[in-house]
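Below: the structure, in structure tokens.
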Amino acid sequence: MPQRLRALAPYVVVLAIAAYFYYVASKFAFTPRGGRLGPDVWPRTILVLTMIVCVLRIAAGLRAPRGDAPADADGGLIADVAKDAGHASDAATEAPAERYPARLAIGIALTVAYVATLGVVGFAVGTFVYMLAMTVVGRYRRYGVATIVSLTGALVLMFVFMKVVYLSLPIGVAPFESVSLALMRLMGVR
């Protein structure tokens, strides 16, 4: 039983933390606007989903027969999925994946640059450039497809964050500001 409890401990800890943050999110002070969701809705939704996953995983671990291995003794949910898909035996015979530390460093630098320049270039332009740059660094060589996917991704994210979640995103400074404002008008965002 101690091994089983040890395997379930991370889920209990995450459940407790999520419950605490749910309590904190329920105390957000804001003035509701007609027909708009408050700033507490999305954090609370994510926290509820997190708590549901934790409770289900804990229940599955407690329901397992005593002689069975604990829920995470063999690598957890990802290992279970890999075994079910029949890839566990293939992974053991394959050579280890190549590592690209320079690409990792470039990806980290791009992420830092994205966050640092977001206020200047705005969300739409910054996200487009970031997605395109990360795709190229990731060695995807169909540049036309990468450009279309990056543009579409940036526009979809902008629409979802501004129109569905009601998040105020940085629009940047001139000349990037005019691009952001034009896109916002095009999408019907005020």
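Taking R0 as 45 Å, what FRET efficiency do you get between Arg99 and Leu181 from their Cβ-Cβ distance, rounded to the nearest 0.05? About 0.55, to the nearest 0.05.
Tell me, what is the FRET efficiency for Arg6 and Ala116 to the nearest 0.05, using R0 = 45 angstrom and their Cβ-Cβ distance as r?
Working: r = 41 Å, r/R0 = 0.92.
Here the calculated transfer efficiency is 0.65.
Peptides 7-15, 116-124 ranked from most to least packed by the mean count of surrounding Cβ atoms within 10 Å: 116-124, 7-15.
Along its first, second and third principal axes, ordered by size, the stretch 101-190 spans 42, 26, 25 Å in Cα coordinates. In this calculation the C-beta distance from Asp40 to Arg141 is compared with R0 = 41 Å, giving a FRET efficiency of 0.40. Share of carbon and sulfur in the accessible area of the stretch 101-187 stands at 78%, probe radius 1.4 Å. Here is the list for the stretch 121-186: trypsin sites (Lys or Arg not before Pro) lying in DSSP coil, each with at most 16 other C-beta atoms within 10 angstrom of its C-beta, are Arg139, Arg141, Arg142.
The values are calculated or read from the model by the stated rules, or taken from the named source; none is laboratory data. Quick caveat: nothing in here was measured; it's all calculated off a predicted structure. All Cβ positions, even for glycine, are placed from backbone atoms using ideal geometry, and neighbour counts span all protein chains on display. The protein model used for the area step is the full one, side chains on, heavy atoms only, and it has no ligands, DNA or RNA in it. Shrake-Rupley method; radii C 1.70, N 1.55, O 1.52, S 1.80 Å.
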